[in-house]
Structures are given as structure tokens and as C-alpha cells.
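The values are calculated or read from the model by the stated rules, or taken from the named source; none is laboratory data. Please read these numbers as outputs of a predicted model, since none were measured by experiment. Cβ placement follows ideal geometry from the backbone for every residue including glycine, while neighbour counts extend to all protein chains displayed. What goes into the accessible areas is simple: the full protein's heavy atoms, side chains included, and nothing from ligands, DNA or RNA. Shrake-Rupley method; radii C 1.70, N 1.55, O 1.52, S 1.80 Å.
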Amino acid sequence: MIIDFAPNHTSPASSDQPSFAENGKLYNNGTLLAGYTNDTQNLFHHNGGTDFSTTENGIYKNLYDLADLNHNNSTVDTYLKEAVKMWLDLGIDGIRMDAVKHMPFGWQKSFMATVNNYKPVFTFGEWFLGVNEVSAENHQFANESGMSLLDFRFAQKTRQVFRDNTDNMYGLKAMLEGSAADYAQVDDQVTFIDNHDMERFHTSSANKRKLEQALAFTLTSRGVPAIYYGTEQYMSGGNDPDNRARIPSFSTTTTAYNVIKKLAPLRKTNPAVAYGSTQERWINNDVIIYERKFGNHVAVVAINRNLSASASISGLVTSLPAGTYSDVLGGTLNGNPITAGSGGAVNTFTLAAGSAAVWQYTAAQTTPVIGHVGPMMAKAGTVITIDGRGFGSAKGTVYFGTTAVAGTEIVSWEDSQIKVKIPAVTPGNYNVKITGSTGTASNVYDNFQVLTGEQVSVRFVVNNAATTLGQNVYLAGSVSELGNWEPAKAIGPMYNQVVYQYPTWYYDVSVPAGVTIEFKFMKKNGTSVVWEGGSNHSFTAPATGTATVNVNWQP
């Protein structure tokens, strides 16, 4: 059970008409905290509606007519973090964070630290991307916030290739390879083909096979698949509200349902599908054959999107050992068996028009291979989970960088899963690996972020920071959350249009609670860095809630 948590806003409101809709009223267990008009506590932003022109404009202005919460307010901050703790205590399995592009990134990192340091659950955010839109900010958020994202890049390209015919299998390959390079934890991004904020994938009875192929692709690809209700019943519908209709009936005999029924369990029984690398093995405009591989485990997937022409597949080489392999789908999508010889070379075969097939191989894993670590951001002492295969039944050693963790600090150890406490290492990013009880080392799982401690959100403001064309202002400081003074890891670029205006710059940042921090600002233009002068600024972060620190640029 995953809660759809919406901390960006309350209900519709008007700044000067308290009778409009519900006036954005915010309640705490039935007690009114404030409405949008006469907001004397400053619980909401009052900067007008966003025009979506910049990220800053979308964060600090209202999304449509929804009353936008002010996350720099301690009452709001405490309210939202206590609310999510209540849901965690009730046993939710995950969190879907609404509108993450429209909230301060630093506050969201402090929110995720609250979740991960308390009772970690899988959390993924909604950051909408349009067709062919690739966003560096989107990737950075996923890589540094402690939160995964709904993979709109995956969804939009899948719709283009399988539904709209506005791109081909080379575009699909480029998306898979590009996103794998851009997302540090690409396996944690949530893949889908439609949802409640876009028109449904299915448009008419003529494209049933296209939907079935898109489902097969999603269920055998990297990431965490999410299937919208009714997709398995071929529900159609345009944008809201047409895509949110009641499901008219439920059949367990549809082809789409049976594609899901056959492929979803494969993600558990064959770890190559859940954790494996992805490699294209054969491709043309209409056909893609890709291989998922994890240790000794292999899955090979072939899809021919051309509904009228079959394809002769020759020269296919895979990691499958010699032998004959049946289609996991059992011919549900007109797939067929294949035979592999020595070296994984597959005998020439015909891939039927509009078909999809999956062939797989599994074998006992005798050496340790890490497939997943989660959560990927927390403070020392937090218990994290390492999943994979071949860990063995006896406890071995877990490494964070060169720091070894063993004995009672390993909470549990099974052949496919380890639970371990984060050691008291210097805060920063670490590679995680294990060695089994026999001393055999695993692969490295990188970019694990050890926080300095509990986190709070602080707004840093600097006045009179005039810049030249191409320059932006960034923040660096004495803790890992501020980059440990490294310009390449500095926070920014800072904002200067909505809450404050140029030459004043501001940014909401997640910093360790109760810690005295030294910091400075810099002007960056590419690799060119100009630090402000004078002594370091100093500030002690609050133990809870939020704060604002406002200083002048030191020439």
C-alpha cells in the first residue's frame, strides 16, 4: 500500500476571496490552522500563480489555483513531517510524492532524511516530463534527494514507439542507454505507460497488441513497473476526467492481464529482470532484442512492433548457455522457442509480426552480486537493506568505502538479503560492497550518501551579489551537505526572482540539525569560480523546524 502524499499545496483558494472554494484551509486532525486569506502565520506562499517559465517560478508560486504551502515555515515543516511519520507508523509500504518539481529541493531532501532516518520505505516523486524532454535538474533531483521518480522519460518514449509510431526502436535503445547513464540508481525509477495525469495508452481495439507489447517491455525492463488500473482491461480515455473512469468490469482472461500474470513473477524468480544490466543484442526500426543479465542469470526479450511483417533474426548472440528455451509468455504474444549454441549464438529464427517473446536462464549464484541497496541516503546507525544473490548463509562483511561492518552491526544475513547498520563514517558518498564468509568480494554499488545527522531545511540568502552574464551564485560550506567547500559540489544555482529579487539570491538547503556551519558564497560560470571575500560566515542550524540566514556578499 502506497500513500499519495501531496505536501505542495492544500485546496483551491483565492487571495482576496475567502468564500472561493475551500479557501485552501489547512487542518490538523480537525483543528483549523489557517486559510489562504488573512494568512497571518505565513503558512502559504502569496506570490501569485506560476507560469511554469522557470523552476523557481514553479516552486514559489501557486500551482494553478491550489494554495501553495510555505515549506520555510516551521509550522508547515513540522506538520508535514509529523504527518508522514503517522503514516509510517500505520505501516505503509511506500510513498508517492506529488508535484516534486514544485517544492523546494532542499526541503524535500530534509523530508526524505526524516523518512529514511525514521522508518525507510520506497519513495518516488512525480516530476512530469513531456515528449522528448530530458531534464538535467530531474536527474540531479533523483540522484541527490534520496527519492526516486516516476520515469516519464521512459513512459513518453514507450508511448512514442509502441503507440504513436513517432519514433522507432533506435529511439527506445537511446532512451534506455541515456537514462541508465543519467540516473545513478536507474533501477529505482518507476516505469509506466500511462497514469491519471495523461491520456490512457489504449485508444481503440486496433491497438490492443501495441498495449500488450508495451506492457511486456515495461515488465522486462529496468526500474519498478507501475500499472494503471484498467490497463489490463484495455480501458481508454483522454485526459482528466476521461482517464479516471470507473472500471466497468474485471476479466482475468484478457491477453493484457495474462501478460502481466506471466511476467510480473519473473521479476522475483529471475533477478536479471529486477536488477540486471541491459544490453541491446539485435535491432532495426521495428525489432529490438535486449538482454538483461545479473550474475549467472539471464533474460532475453524480443519484440517486433510491426503488426503486418515478420522478421528473420540471424546473427543473434546472447549470454544464454547452449540449449533450447521456451517462451516465458507461452506464445501469448505469438512468441516461439529458440535454440542457442556454444558461445550464446542463437539459431536463425522468425519473429512473427506483432510478437513478443521472453527467454530466460537461471542458475545458482555462488559468488556475491549486489543488485540493490535501499534507502540510498540516511544517517549513521540507520538499518539499510542490501539485495542480491550469492551472499551465502553465514555472515560476511559489508564495506562502506574501506570501513568494514561485521558482527552485531549486521542485523541479518541471508543468501539474497542483508540488513546492516550504517557505520559512523565521515559523512559523504560511499561505495558499498560485501565479502561473503569465504572472503569472495562482490561488485560495488556506488553513490551511497551518509548524512551528517538529522536534517532541517534552512533558507540561505545573500544580498548584493551582482553577477556578470553567465555567472550564477552558489553556496558551499563545512559539511558534506554543503559540499565540504568543493566548488563542484556547491549548492545552486541559487534563485533571484520570486521570494527575493536580484541582486539578492536565495536557496532552501537541507543541513544537519543543531550543527554550527561555516559557509561562503561563490559566483560560478562553468569552471570559473569567484569566491566572496572576508571571513567565513557562521550559522548554527536549529534542532528542529526551519530557519533563514541572511547575509551580505563580502567583496
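Numbers below:
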| read-out | value |
| --- | --- |
| In region 117-172, the residues that are β-branched (Val, Ile, Thr), within 19 Å of the chain's Cα centre (by Cα) and open to solvent by 20 Å² or more (accessible area, probe 1.4 Å) | Val121, Val131, Val134 |
| Residue that is most open to solvent (accessible area, probe 1.4 Å), among those in region 518-555 that are of a type in the set (Phe, Trp, Tyr) and in contact with a Ser or Thr (Cβ under 8 Å, 6 or more places away or on another chain) | Phe539 |
| Residues (hydroxyl-bearing (Ser, Thr, Tyr) and touching a strand residue (DSSP E or B) at 6+ places or on another chain (Cβ under 9 Å)) located in region 333-377 | Thr339, Thr348, Thr350, Ser355, Tyr361, Thr362, Thr367 |
| Region 9-43, subset in a strand (DSSP E or B) and out of contact with any Gly (no Cβ under 9 Å at 6 or more places or on another chain), residue farthest from Lys61 (Cα to Cα) | Thr31 |
| Wholly within region 249-334, strands (runs of 3 or more DSSP E) carrying at least 1 residues that are over 16 Å from Thr350 (Cα atoms) | 277-283, 287-294, 297-304, 323-325 |
| Selected residue (criterion: surrounded by the fewest Cβ atoms within 10 Å (Cβ to Cβ)) from residues of region 338-368 that are more than 26 Å from Ala256 (Cβ to Cβ) and among the small types (Gly, Ala, Ser) | Ser342 |
| Conditions (1) in contact with a Gly (Cβ under 7 Å, 6 or more places away or on another chain); (2) buried (at least 18 other Cβ atoms within 10 Å of the Cβ); (3) over 19 Å from Leu219 (Cα atoms); number of the one not met by Ala311 | (1) |
| Residues of region 404-424 classified as open to solvent by 30 Å² or more (accessible area, probe 1.4 Å), under 28 Å from the mean Cα position of the chain (by Cα) and either modelled with pLDDT under 95 or closer than 21 Å to Val369 by Cβ (or both), total | 7 |
| Residue within region 296-305 that is open to solvent by 10 Å² or more (accessible area, probe 1.4 Å) and within 24 Å of the chain's Cα centre (by Cα) present | no |
| Qualifying positions in region 44-65 - out of contact with any helix residue (DSSP H, G or I) (no Cβ under 7 Å at 6 or more places or on another chain) and either in a loop (DSSP other than H, G, I, E, B) or surrounded by fewer than 18 Cβ atoms within 10 Å (Cβ to Cβ) (or both) | His46, Gly48, Gly49, Ser53, Thr54, Lys61, Tyr64, Asp65 |
| Flag if Tyr325 is open to solvent by less than 30 Å² (accessible area, probe 1.4 Å), within 29 Å of Pro368 (Cα to Cα) and in contact with a Lys or Arg (Cβ under 8 Å, 6 or more places away or on another chain) | no |
| Qualifying residue in region 401-408 (condition: at negative phi and part of a helix (DSSP H, G or I)) | yes |
